[in-house]
1. Would you tally the residues in the range 76-93 being in a helix (DSSP H, G or I) and small (Gly, Ala, Ser)?
2. Can you find even one residue in the range 57-69 that is away from the ligand (no atom under 16 Å from the Cβ) and within 15 Å of the chain's Cα centre (by Cα)?
3. Report whether or not Pro240 is touching a residue at least 12 places away in the same chain (Cβ under 8 Å) and in contact with a Gly (Cβ under 7 Å, 6 or more places away or on another chain).
4. Restricting attention to the range 7-33, which residues are in contact (Cβ under 8 Å) with a residue 24 or more places away in the chain and either more than 23 Å from His233 (Cβ to Cβ) or over 17 Å from the mean Cα position of the chain (by Cα) (or both)?
5. In the range 187-211, which residues are within 16 Å of the ligand (Cβ to nearest atom) and either touching a Leu at 6+ places or on another chain (Cβ under 6 Å) or part of a loop (DSSP other than H, G, I, E, B) (or both)?
6. Give the range 16-53 a look and list any residue that's in a strand (DSSP E or B) and either of a type in the set (Gly, Ala, Ser) or within 17 Å of Asp111 (Cβ to Cβ) (or both), or say none.
7. Conditions first: (1) of a type outside the set (S, T, N, Q); (2) more than 16 Å from the ligand (Cβ to nearest atom); (3) within 17 Å of the chain's Cα centre (by Cα). Ala75 passes all but one, so which condition is the exception?
8. List the number of the failed condition for Ala66; all other conditions in (1) touching a Lys or Arg at 6+ places or on another chain (Cβ under 7 Å); (2) touching a residue at least 40 places away in the same chain (Cβ under 8 Å) hold.
Amino acid sequence: MHLSVEDQGRGAPVVFVHSFPLDRRMWAAQRDAVVAAGYRALALDLPGFGESPLPPDAAPTLDLYADAVRACLDARQLERAAVVGLSLGGYVALRLAATHPDRIAALALADTRAAADAPEVRAGRVLNMSLVRKRGSGALVEKMLPMLLAPDADPAVRDAVRAWGGAQRPEGIEHALVAMRDRGDATSALDAIGVRTAVIVGARDGITPPHEMRAMAGRIAGATYTEVDGAGHLSNLERPAAFNDALLRWLAG
Ligand code: MLT
């Protein structure tokens, strides 16, 4: 599989898995922070997003994305890495934790959930597919923005999310919508996580709210739980300094 991966720094590897419908550019502030702290940062574009093509015969499942994370490690002869996933990236990290726990040295789950989609969310995915087909990626991002960011989010962050999301290819977005809609419940996988885990959530996240993330942390042995004050769903973009503090504390163990 051809993957576009930004690979910077030396030291213990940290893989960043982006949210929907964005790409690896969302991790710039975290990449800089972990590289400055002496780690190697690998940020990949999931298949169909950013500069990673969608393989023509790819089935629309989370496994395609989890396989991409493994391929990113394989290509660099890395057996394991710390894995950071936000929202869709968290679904992917949890899938990898369930299928290939040996590849994960430590896990950071941000603004995500283990439960499958509720019926109304599944129905919303279908509407969003038709919106993207009819009016393009930009229309979907515009619809999602009020849920992705806190109302008073920095306008520059809002503009970046608009630009990144609006630039995604409709087929990549549709693929992810199907993969997210049809993903199974990963709640039982939480009990089996045996690596150091950080759970991080924006205090104003309306998509994966703090009470759910706190419950998730409660099911993972030894997990730390951090709420990022003032941030909505895209907590790493909205409050990078607080997010990075949590990330570096987790990496340092
Ligand atoms: C994301 O930020 O990745 C999405 O909100 C995930 C989702 O739609 O379930």
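1. 3
2. Within the range 57-69, one or more residues are away from the ligand (no atom under 16 Å from the Cβ) and within 15 Å of the chain's Cα centre (by Cα).
3. Details: touching a residue at least 12 places away in the same chain (Cβ under 8 Å): yes; in contact with a Gly (Cβ under 7 Å, 6 or more places away or on another chain): no.
The answer is no for Pro240.
4. Listed by number, the residues that qualify are Asp7, Gln8, Gly9, Arg10, Gly11, Ala12, Pro13, Ala33.
5. Within the range 187-211, Val199, Arg204, Asp205, Gly206, Ile207, Thr208, Pro209 qualify.
6. Residues satisfying the conditions are Phe16, Val17, Ala41, Ala43.
7. Looking at each condition in turn, Ala75 falls short on (3).
8. (2)
All of the numbers you see were taken from the coordinates with simple rules; none came from a lab. Just so it is clear, the structure is predicted and the values come from calculations on it, not from any experiment. Because the Cβ atoms are built from the backbone with ideal geometry, glycine has one as well, and the counts that use them run over all protein chains shown.
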